[in-house]
Amino acid sequence: MLDDLRKDANARMGKCITSLKEHFRRMRTGRANAALLEGIRVEYYGSEMPLSQVANVTVEDARTLMVSPWDKAMVSVIEKAIMKSDLGLTPNTAGTVIRLPLPAMTEERRRDLTKVARQEAEHARVAVRAVRRDLMNDLKEMLKEKLISEDDDRRAQDEVQKLTDQHVAEVDAVLAEKEKELLQV
């Protein structure tokens, strides 16, 4: 029973870390990254579709993304979707290929993105602590219903705290790596 709780806690806290890494992957840095366009949705025959399902997105060089639509009629629609996004990118169309040059980031923009990264990391820490709180409540209920002994409860609480500390440290490591990447010129 306690093993199930431990596995559940580890999985849920791991999802918090995975979510943070995914968010950081989409965050714009100085380099071109195809994940930058993952949030863009395009109108395709009456339904909203992710850009990756209607076009091929590749990194042409360190500061340029290239979007190659599978349907030639989609070029203008993809251009409009990119313009509407809050990425601040201006598409350059050459026939059926859309190139997106990434402007160099200013020092002020880098610092703003670092602040956003810190906020996201704090949200991840809060989520990890929420998982800990849920587990502690489950342990209290189990103790109250006499499903576990007080010794087991104390041991389980210590394990949950160690697991929480481990995942919070991982959040801090991921944040430090992202800050280093953002501040790199």
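A few comments on the model shown:
- The set of residues in the stretch 1-58 that are among the acidic types (Asp, Glu) and more than 19 Å from Gln119 (Cβ to Cβ) comprises Asp3, Asp4, Asp8, Glu38, Glu43, Glu48.
- Every listed requirement among (1) loosely packed, with under 13 Cβ neighbours inside 10 Å; (2) under 29 Å from Glu179 (Cβ atoms) is met by Leu87 save one, (1).
- Top-ranked residue in the stretch 136-153 [being charged (D, E, K, R) and exposed (fewer than 13 other Cβ atoms within 10 Å of the Cβ); ranked as farthest from His123 (Cα to Cα)]: Lys146
- Only one entry of Val75, Val57, Val128 meets the criterion of being in a helix (DSSP H, G or I) and not assigned by TED's automatic domain parsing to the domain that holds Val174, and that entry is Val75.
- Evaluation of Arg111 against (1) under 18 Å from Asp3 (Cα atoms); (2) under 30 Å from the mean Cα position of the chain (by Cα); (3) among the basic types (Lys, Arg) (one fails), failing number: (1)
Residue by residue, here is whether (1) within 30 Å of Asn92 (Cβ to Cβ); (2) free of Cβ contacts under 8 Å to residues at least 24 places away in the same chain; (3) in contact with a Gly (Cβ under 7 Å, 6 or more places away or on another chain) holds:
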site	(1), (2), (3)
Met105	yes, no, yes
Gln119	no, yes, no
Val128	no, no, no
Leu147	no, no, no
Asp151	no, yes, no
His167	no, no, no
Lys178	yes, no, no
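- For the stretch 32-53, the set of residues classified as at pLDDT 80 or above, surrounded by fewer than 14 Cβ atoms within 10 Å (Cβ to Cβ) and in a loop (DSSP other than H, G, I, E, B) consists of Tyr45, Gly46, listed by residue number.
The values are calculated or read from the model by the stated rules, or taken from the named source; none is laboratory data. Just so you know, these numbers come straight off a predicted model, no measurement behind them. Neighbour counts are summed over all protein chains in view; Cβ atoms, including those assigned to glycine, are modelled from backbone coordinates with ideal geometry.
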